[in-house]
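Visitor: After the structure tokens below, expect a handful of questions from me.
The values are calculated or read from the model by the stated rules, or taken from the named source; none is laboratory data. Every value quoted in this text rests on a predicted model; they were computed, and no experiment measured them. In this analysis, Cβ positions are derived from the backbone assuming ideal geometry, glycine residues included, and neighbour counts consider all displayed protein chains.
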Amino acid sequence: MQASLHDKKWIRHENLVWIMIAQALAIFPLLLQLPIWLWAVWLIAIVWRVQIHRGHLSFPSTLVKAIAAGVVVTGLLLSFSLQFNVHALIGMFFCAYVLKLIEFRTKRDGLLLVFLGFFAVASQFLFTQSMVAAFYGFITCLVLVAAWKALYLDRPEKTSVKLRSSFVLLLHATPLMILFFIVMPRVEPLWSLPALGGSAKTGFSDEMSPGDVGRLVKSSGTAFRVEFDGAEPESSAMYWRGLVLDYFDGRSWKVYPRGQKVQQLTASDSIGESSNSYYRYTVTMEPHDQHWLFSLVAPISVVVVGDEVRLDQRLFLTTKNPATKQVQYRAVSQLSDSHGPQSFLDEKTLAENLLIPESLNPKTQKQVSAWLDEALQPSQIILRALSLYQESFYYTLEPPLLGRHSIDDFLFTTQQGFCEHFASSFVFMMRAAGIPSRVVAGYLGGKKNPVQDYFIVNQSDAHAWAEVWLEGVGWQRVDPTAAVSPERVENGIADALSESDLQLVGSGAYGEFPWMKSLRQRVDAVGYVWNRWVVSYDRQSQKGVLEKIFGGAEPWRIAMIVVIASLALGLALFLYFYLINRKRPLPIAIRLIDKFIRKAENLGIKRSQGETVSSFARRVAVERPELAQSTLALAAMFDRIAYRGDVSDLDKLRNLIGDFPKMTNKYFLIKSSVNR
Amino acid sequence: MDLVINRIIDQVGQVLLGKEHQVKLSIACLLARGHLLIEDLPGMGKTTLAHCLAATLGLDYDRVQFTSDLLPADILGVSIFDRNSSVFQFHPGPVFTQVLLADEINRSTPKTQSALLEAMEEGQVTIEGETRELPTPFFVIATQNPATQSGTFPLPESQLDRFLMRVSLGYPSESSEMALFKGVDSRAIIKTIKPVVSLPVLSRLQDAVNDVRATDQLLSYLQRLVSATRMGDKFIHGLSPRGALAWLRAAKAWALIHQRDYVVPDDIQAVMPAVVGHRIRSVERGNVMHDSAGQDSMFDYLLKTVDVLGATA
């Protein structure tokens with residue numbers, strides 16, 4: 001009887017369906033990332049297998065399998081132009097997994113398919129680690145476990161029952177999963193993941209022409225999210241410095257790439273805890289494929305796990321690797337209005353920050369030299385320039401096009417522009433007046449998410465402003481946009497623009513209903529928490545967590561604590577069930593009777609489930625008269641325990657059942673074992 | 001106490017040869033304060049059983065032969081004007097007794113049937129606006145011919161429910177029949193029967209049924225059996241809670257007869273055909289199961305689907 005169960009090693013129709021559904025779920029996220037012809041491979045494999053099942057095709061021969069493998073390998077090599085990157089390897093895995101379907105005939109193959117399915121679930125996280133992906137992965141695991149279970153069932157079971165039981169199984173595994181998540185050593189990936197093609201990232205590029213920031217403001221999407229630890233600045237003071245643009249070619253502003261002196265970053269723990277003159281914050285930056293980071297003035301400590309941070313003299317923050325995926329960094333900024341050297345600017349920097357193309361924008365240059373003729377001080381020139389903007393300038397997202405002398409056109413003809421027009425023209429005037437200055441691009445402001453106490457900075461918050469160097473002060477921020485449109489700085493972009501312009505901002509994100517906004521904030525908060533605590537749980541945060549929980553992060557300590565904790569948990573569970581069972585002897589009695597029934601079945605007497613213990617015992621007694629006495633006695637004891645609540649005989653029952661087959665003589669034992 | 005029960009069984013068994021199970025069931029039914037319906041062909045010993053039980057228990061005994069022209073007053077009694085005292089004098093009918101044998105109950109019209117059934121349920125009768133208590137114990141043994149016989153008014157299910165048990169006696173076995181041939185006329189034996197219990201003892205026995213223990217484990221088994229009758233597509237409708245309670249009471253009485261103060265699953269199974277058979281309808285027959293073949297397969301099905309050692313409560 002036992003053997004016949006194992007004979008059923010061939011798979012049944014139901015198993016095939018379950019495995020196919022589970023496989024489809026597991027490979028779907030991979031298919032989205034892989035070359036499109038792999039869909040065809042999958043569909044062919046499915047049709048092929050179904051035809052085999054219906055008897056129209058037979059299982060493929062070795063030759064056919066070899067040809068199929070050859071075809072897909074060649075296809076993959078061509079698709080990935082002979083490059084073996086992660087994508088190609090996943091493509092290879094995908095093909096192996098899918099083609100396994102056509103030679104799927106035994107239970108063992110089914111197990112292999114299920115296990116490969118779990119592997120596929122894991123590999124989908126190479127592409128995306130969002131919460132949606134995690135939820136999808138969970139659902140896939142649910143179906144995989146159900147398919148796994150279906151392989152072992154030899155009676156039909158309702159789908160809902162199967163899914164429920166696999167849910168319970170996964171639930172049982174959850175504590176272990178959480179434990180592994182927390183304590184497993186975090187290793188850096190063995191391979192570097194290539195930037196995933198197809199999705200153009202929004203954000204600044206390393207140069208800025210008129211209209212660039214305006215375009216950015218119109219795009220939707222989030223630049224980064226910030227969580228402050230302690231004091232938070234006013235949102236009008238949140239100038240998120242990104243690019244420092246100090247080279248002007250007459251049209252666009254660029255970053256001087258060449259050798260800038262590197263400034264020393266401070267280790268974050270050496271900064272006093274209680275000091276009020278610092279902002280501490282954690283930025284979760286969306287990928288923008290560039291090297292720079294955003295920070296408040298003046299950053300003194302920035303830590304990115306797994307990357308090197310470089311801070312140059314201009315307070316231009318860069319990482320070694322481009323931000324191809326979400327980057328999280330902890331930063332500390334010193335609160336100050338100005339930064340950099342106060343008394344003296346070195347030759348090179350001075351030259352760089354005064355450079356303008358002589359031949360361009362003659363009108364502006366003339367205007368500035370008129371101011372210089374009045375022998376105005378630098379600070380007076382700044383005020384004069386700002387007051388120029390207050391006259392008849394207009395802040396708009398859709399400025400008219402500018403000609404070759406772009407700054408002349410803007411200042412004297414069109415007088416309509418966006419922040420980069422103001423910043424760019426202002427810096428040009430300052431440089432013409434001999435005041436070292438530069439354009440800074442980044443984001444201004446940020447909206448607080450009330451659900452999870454963090455700020456969200458969108459692409460629509462993109463901004464450009466100026467920095468001028470004044471003797472005795474250092475580099476100081478001047479925002480010419482504030483002169484023409486103070487609302488932009490005070491209240492954010494929404495207040496500064498006209499109705500029609502506002503429609504353009506963030507792809508129309510400002511025209512939504514309140515409930516939509518609240519819902520969006522909630523969804524954003526959930527995603528933020530997920531990214532902050534799950535996706536970006538790296539070696540650094542692991543160390544922090546382990547130190548907090550276990551008082552240290554050394555491997556021996558973790559191993560010891562985990563071992564001790566599991567032993568303690570096991571002991572506690574054992575004691576719990578032991579005590580529970582002592583209080584409730586009935587489950588013990590039933591387990592003992594089960595044992596007796598199994599032993600009797602080994603003697604060839606099978607109980608049907610409708611048979612009571614005493615009638616079964618009578619039957620045993622009739623078939624094996626030499627066992628009659630003990631059998632009838634133990635049945636009576638069981639009845640007294642189970643149906644009278646009289647548990648005094650529990651130990652006797654245990655002894656009787658423990659000894660049960662020994663009562664028989666040797667002849668019967670030998671005979672029955674031969675029968676089996 | 002146990003001795004008393006054994007003596008009752010022995011004595012009735014001497015008269016009704018080879019029908020020990022049915023005798024025990026009828027005694028259990030009586031101890032559980034329920035009424036008994038015996039369904040069988042004429043001449044199978046129904047009347048003998050009723051008569052013998054009454055005599056053994058030392059109870060008053062009366063018999064009504066139901067016919068199609070029997071009226072309620074013929075059972076319950078009538079008030080007749082007494083010329084001497086110029087008042088209506090109530091003349092109690094045969095229902096005012098301790099053991100009433102209602103012979104061939106399905107031969108009378110529903111009106112008369114229900115008059116009796118009301119008395120069975122309430123333990124009292126209301127005649128001309130006056131409620132009269134029936135004697136205690138009040139035990140009805142009704143017999144009926146199988147409904148397939150002509151000239152019968154089958155009892156509706158709601159009235160069948162009033163009977164705790166329905167048993168059929170069946171033909172005697174070979175040896176019993178031989179003994180029957182050789183023996184003395186059973187009517188003569190009944191006349192010589194002496195009561196083995198007194199009324200107080202009987203009522204103590206009936207009280208003892210309530211004290212029989214049923215553990216959660218047992219109740220869970222009963223409950224699973226009951227819900228098995230309600231689920232699935234084998235039955236048109238399942239057992240009512242009243243039916244389930246009746247089942248438990250019968251099992252307790254059965255346990256008492258077997259000298260146990262606790263119910264075991266075997267008791268539940270033993271009384272099942274008698275208690276459940278007339279209370280549920282199987283789909284296959286489309287009617288309350290009348291023939292024993294259909295019943296047996298139904299009970300087999302029920303017992304096989306429910307695990308005796310199933311989940312504990």
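Visitor: Out of all the residues in the stretch B:27-53, which are touching a helix residue (DSSP H, G or I) at 6+ places or on another chain (Cβ under 9 Å) and among the small types (Gly, Ala, Ser)?
Guide: B:Ala28, B:Ala32, B:Gly34, B:Gly45, B:Ala50
Visitor: Test each condition in (1) under 20 Å from A:Arg539 (Cα atoms); (2) acidic (Asp, Glu); (3) touching a residue at least 24 places away in the same chain (Cβ under 8 Å) for A:Glu352 and report the one that comes out false.
Guide: Going through (1) under 20 Å from A:Arg539 (Cα atoms); (2) acidic (Asp, Glu); (3) touching a residue at least 24 places away in the same chain (Cβ under 8 Å) one by one, A:Glu352 breaks only (1).
Visitor: (1) over 30 Å from A:Ala589 (Cβ atoms); (2) in contact with a Gly (Cβ under 8 Å, 6 or more places away or on another chain); (3) surrounded by fewer than 14 Cβ atoms within 10 Å (Cβ to Cβ); (4) at pLDDT 80 or above: which one isn't true of B:Arg279, the others all being true?
Guide: Condition (3) is where B:Arg279 drops out.
Visitor: Scanning the stretch A:560-613 for residues that are surrounded by fewer than 19 Cβ atoms within 10 Å (Cβ to Cβ), among the polar types (S, T, N, Q) and within 14 Å of chain B (Cβ to nearest Cβ), which turns out farthest from A:Ser648 (Cα to Cα)?
Guide: Filtering first and then ranking leaves A:Ser608.
Visitor: Among (1) free of Cβ contacts under 8 Å to residues at least 60 places away in the same chain; (2) more than 14 Å from every other protein chain (Cβ to nearest Cβ); (3) closer than 30 Å to A:Asp646 by Cβ, where does B:Gln206 come up short?
Guide: Looking at each condition in turn, B:Gln206 falls short on (1).
Visitor: Of the residues that sit in the stretch A:429-464 and are among the hydrophobic types (A, V, I, L, M, F, W, C) and assigned to a helix (DSSP H, G or I), which one is surrounded by the fewest Cβ atoms within 10 Å (Cβ to Cβ)?
Guide: Initially, the stretch A:429-464 is screened for residues among the hydrophobic types (A, V, I, L, M, F, W, C), giving A:429-430, A:432-433, A:435, A:439-441, A:444, A:451, A:455-457, A:462, A:464.
Those still in the list that are assigned to a helix (DSSP H, G or I) too: A:429-430, A:432.
Details: A:Met429: 27, A:Met430: 26, A:Ala432: 22.
It comes out as A:Ala432.
Visitor: Among the helices (runs of 4 or more DSSP H) contained in the stretch A:1-118, which hold 2 or more residues that are under 38 Å from the mean Cα position of the chain (by Cα)?
Guide: Details: elements: A:2-7, A:13-33, A:37-54, A:62-79, A:86-99.
Output list reads A:13-33, A:37-54, A:62-79, A:86-99.
Visitor: Of the conditions (1) in a helix (DSSP H, G or I); (2) in contact with a helix residue (DSSP H, G or I) (Cβ under 8 Å, 6 or more places away or on another chain), B:Leu70 clears all except one; give me its number.
Guide: Of (1) in a helix (DSSP H, G or I); (2) in contact with a helix residue (DSSP H, G or I) (Cβ under 8 Å, 6 or more places away or on another chain), only one is false for B:Leu70: (1).
Visitor: Is one or more of the residues making up the stretch B:181-203 part of a loop (DSSP other than H, G, I, E, B) and within 14 Å of chain A (Cβ to nearest Cβ)? Can you show your working first?
Guide: Quick first cut of the stretch B:181-203, residues part of a loop (DSSP other than H, G, I, E, B) only: B:183-185, B:193-198.
Next, from what is left, pick out any that are within 14 Å of chain A (Cβ to nearest Cβ): none.
No, the conditions are met nowhere in the stretch B:181-203.
Visitor: Can you say whether A:Thr140 is in contact (Cβ under 8 Å) with a residue 40 or more places away in the chain and among the polar types (S, T, N, Q), as far as the supplied structure shows? Steps first, please.
Guide: On the way: in contact (Cβ under 8 Å) with a residue 40 or more places away in the chain: yes; among the polar types (S, T, N, Q): yes.
Against the criterion (in contact (Cβ under 8 Å) with a residue 40 or more places away in the chain and among the polar types (S, T, N, Q)), A:Thr140 qualifies.
Visitor: Within the stretch A:401-416, is even one residue surrounded by 22 or more Cβ atoms within 10 Å (Cβ to Cβ) and not in a helix (DSSP H, G or I)?
Guide: no
Visitor: Name the pairs whose Cβ atoms lie under 8 Å apart, with the first residue in the stretch A:626-645 and without any contact (Cβ under 8 Å) to a residue 40 or more places away in the chain and at the interface with chain B (Cβ under 9 Å from one of its Cβ atoms), the second of a type outside the set (A, V, I, L, M, F, W, C) and in a helix (DSSP H, G or I), and 6 or more positions between them or separate chains?
Guide: As it stands, the answer is A:Asp639/A:Ser614; A:Tyr643/B:Gln217; A:Tyr643/B:Pro265, since those pairs meet every condition given.
Visitor: Any idea which residue in the stretch A:158-194 is modelled with the highest pLDDT, counting only those that are within 27 Å of A:Ile90 (Cα to Cα) and charged (D, E, K, R)?
Guide: A:Arg186
Visitor: Another question, then. Mind listing whichever residues of the stretch B:123-144 are under 21 Å from B:Gln159 (Cα atoms) and either among the hydrophobic types (A, V, I, L, M, F, W, C) or touching a residue at least 24 places away in the same chain (Cβ under 8 Å) (or both)?
Guide: B:Val125, B:Ile127, B:Leu134, B:Pro137, B:Phe138, B:Phe139, B:Val140, B:Ile141, B:Ala142, B:Thr143, B:Gln144
Visitor: Mind counting the residues in the stretch B:259-268 that are within 11 Å of chain A (Cβ to nearest Cβ) and surrounded by fewer than 24 Cβ atoms within 10 Å (Cβ to Cβ)? Lay out the reasoning, then the answer.
Guide: Our first condition is that a residue be within 11 Å of chain A (Cβ to nearest Cβ); within the stretch B:259-268, this holds for B:260-268.
Still in the running and surrounded by fewer than 24 Cβ atoms within 10 Å (Cβ to Cβ): B:260-262, B:266.
Residues meeting the conditions: 4.
Visitor: For the stretch B:1-15, which residues satisfy the criterion of being surrounded by fewer than 24 Cβ atoms within 10 Å (Cβ to Cβ), in contact with a helix residue (DSSP H, G or I) (Cβ under 8 Å, 6 or more places away or on another chain) and touching a residue at least 12 places away in the same chain (Cβ under 8 Å)? Give the steps one after another, and end with the answer.
Guide: Pass one, the stretch B:1-15, residues surrounded by fewer than 24 Cβ atoms within 10 Å (Cβ to Cβ): B:1-7, B:9-11, B:13-15.
Okay, now just the ones that are also in contact with a helix residue (DSSP H, G or I) (Cβ under 8 Å, 6 or more places away or on another chain), so B:1, B:4-5, B:9, B:11, B:13-15.
Within the stretch B:1-15, B:Met1, B:Val4, B:Ile5, B:Ile9, B:Gln11, B:Gln14, B:Val15 meet the criteria.
Visitor: Against the conditions (1) crowded, with 17+ Cβ neighbours inside 10 Å; (2) aromatic (Phe, Trp, Tyr); (3) more than 21 Å from the chain's Cα centre (by Cα), where does B:Phe138 fall short? Just the number, please.
Guide: Unmet for B:Phe138, out of (1) crowded, with 17+ Cβ neighbours inside 10 Å; (2) aromatic (Phe, Trp, Tyr); (3) more than 21 Å from the chain's Cα centre (by Cα): (3).
Visitor: Return yes or no: is B:Glu104 at positive phi and either surrounded by 13 or more Cβ atoms within 10 Å (Cβ to Cβ) or over 18 Å from the mean Cα position of the chain (by Cα) (or both)? Walk me through it before giving the result.
Guide: Values: at positive phi: yes; either surrounded by 13 or more Cβ atoms within 10 Å (Cβ to Cβ) or over 18 Å from the mean Cα position of the chain (by Cα) (or both): yes.
Yes.
Visitor: What is the number of the single condition among (1) within 14 Å of chain A (Cβ to nearest Cβ); (2) farther than 30 Å from B:Leu41 by Cα; (3) not basic (Lys, Arg) that B:Ala251 does not meet?
Guide: Single failed check for B:Ala251: (2).
Visitor: Further question: Looking at A:Thr324, is it among the polar types (S, T, N, Q) and buried (at least 18 other Cβ atoms within 10 Å of the Cβ)?
Guide: Working: among the polar types (S, T, N, Q): yes; buried (at least 18 other Cβ atoms within 10 Å of the Cβ): no.
Judged against the criteria, A:Thr324 is not a match.
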